[in-house]
Amino acid sequence: MFGLYGNTAGTPVPVSSCPLDGGGALLPGTQSIGNLFDGYGCANQRQESLQNSDHETVFVVKIDNTINSNNTVWYRFQSDTGLQAAYTDPINAIFNSYSPQPQYTLVAGYTHIFRTNLVNQFNPGASWYSSIFEPNNFASVQETFPIVLTAGSNNAPLTTIGGNDNTYPQGRKVTQWQINDNLDWTRGKQDFRFGVNTRRIDVSDYDLGEGSVPAAVYNDLAEFTYGAAYTESWTFPVSSNERIAAGNLDLYAMDTYKPDSRTTFTAGLRATWNTDPVNRQRLFARPLGSFLDMSHNANQPLNQVIQTGERNLFLSTPLFVWQPRVSVAYQLTPAMVVHLGFGVFNDIIPPRSPISPPPTLRMQPPSLVVSAARWAALPSRPACQTAPPMQPRAPTGSSSRFSAPVGRPAPESRPALQPALSPSVSIPSPPARSRRRTTTSTISALSRSSTRTVQSASAMSARADSMNRFR
């Protein structure tokens, strides 16, 4: 673990219950609950300037083709590829997280003129994008340091080791296609419009993998020294991603009537069929009946009121949603128009709604919480299950202050694990999507040298009996 630090030099800072002075010698006296030492020999603080990078490239091609006076067609392709630097770690660059976010869109339009008063427009389109957040070579990162070790109180002002690994992987991949067809027919003072709109959305959500990396929390220097965790949280998702499909079909008709130059009446009707969101992995869970009518006895087994392994999100959905709309507009003066209208509107079910509150709509994974247990002795990881999303994500380029425990460097140096850091003064972060991001942070580390670390470890072992009294 200590080999993750590139440099442990810095300014000594006081740490609660630290029995060493700035020179590494034992402080006089005996510690107790009412008399805790605040020695300067257990942690150093250093300021570093960190950098990260991201980039984006947009490529657009549009082709217009006039076949003849009655037929025109156009095509548009857009490629938007880039890398978002999601998190910059102050301890080691291997914990930096990124999100490659490619997006590809292809749309087209075809217009056919039957007559001067009868025109049809046909517009198909499709898009795909991916946005997955995790460190590069995440499996290798977990082999190097398989947990997230963080302090849970001010008594241990040490920086988290492991970055945000317990929140990865997260993100989604989305495929969407749609077809729109509209017919416009003008006859005298009336303008009739008829059309059909349909779209389908396929989402693979990877937020279920959050929490699959254990997060160990210690509350004081003694727990950190002896490898004990105050709490340990760990989730086991049955699947690293959840696939959800949803779509809709709209049919509409509208009539616009102008009895005179100042008055316009509009009436329309839209009928919408929304699909019931589907999960082929059968990860949906829902109440057996109405939430208000079910029993809320805390001792009741959940499988008596919650139905799991469901393919459809809802028990049933309406066949059609009717949406009537009417409006009138009257021009009082050349500079003033009065509008009055009424309408009923409907929208497609958001694909992420099954993964967001209410919690009964998603399958909650079991989580392991260990109190005052040795995080180094946890059992091997079983097959995965699901983890709830964690928010918010730490932004890249923000200023952070941290303290991290460091001991003697590992016998074998790992060049790939050494962060490329250089001392500097505070530098403001550039805007998002810049080529380089700079983060100003402060590092605190146990001891100032490998020799001092050995002395500190020896002194702590010698005083273990006194430290155990106030743990």
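What follows is calculated from the coordinates using simple rules that are stated; it is not laboratory data. What you see is a predicted model, and the numbers here were worked out from it, not measured in a lab. For neighbour counting, all protein chains shown are included, and Cβ atoms are generated from backbone atoms with ideal geometry for every residue, glycine included.
Using 7 Å Cα-to-Cβ label points, what is the V328/D64 separation (nm, one decimal)?
Label at V328, label at D64, 4.1 nm between them.
Multiplying the sequence separation of T186 and Q103 by 0.36 nm and subtracting their Cα-Cα distance, what value in nm do you get? All intermediate terms of the calculation are to be shown ahead of the outcome.
Numbers: separation 83, 0.36 × 83 = 29.88 nm, distance 3.91 nm.
Contour length minus Cα-Cα distance gives 26.0 nm.
Give, as a single signed number, the net charge of other residues whose beta carbon lies under 14 Å from the beta carbon of W273, with Lys and Arg counted +1 and Asp and Glu -1. Don't skip to the end; give the middle numbers.
Details: positive: R199, R200, R270; negative: D250, D276, D347.
Charge balance in the 14 Å sphere: 0.
Let me check I've understood the local charge: for D184, count other residues with C-beta under 9 angstrom from its C-beta, Lys and Arg +1, Asp and Glu -1. What total comes out?
0
What is the Cα centroid distance between segment 203-243 and segment 298-337, reported in whole angstrom?
Result: 37 Å between the Cα centres.
Quote to one decimal, in nm, the extra length available between T11 and T263 on full extension: 0.36 nm per residue of separation minus the C-alpha distance between them.
Details: separation 252, 0.36 × 252 = 90.72 nm, distance 7.87 nm.
Separation in residues times 0.36 nm, less the Cα-Cα distance, equals 82.8 nm.
Put a dot 7 Å past each Cα toward the Cβ at Y226 and S316; how far apart are the dots in nm?
Roughly 6.2 nm, to one decimal.
Rank these for me by crowding, F291, F194, going from fewest to most other beta carbons within 10 Å.
F291, F194
If packing is taken as the average count of other Cβ atoms within 10 Å, what order do 161-168, 89-96 fall into, highest mean first?
161-168, 89-96
Starting from the 7 Å offset along Cα-to-Cβ, what nm value, one decimal, do you get for the label separation of S204 and Q47?
Once both label points are built, they end up 4.6 nm from each other.
Could you calculate the contour length gain from T175 to N154, that is, 0.36 nm times the residue separation minus the distance between their Cα atoms, to one decimal place in nm?
Separation in residues times 0.36 nm, less the Cα-Cα distance, equals 3.0 nm.
Determine which lysines satisfy two conditions relative to K189: a Cα distance under 30 Å, and not lying fewer than 8 residues away in the same chain.
K258
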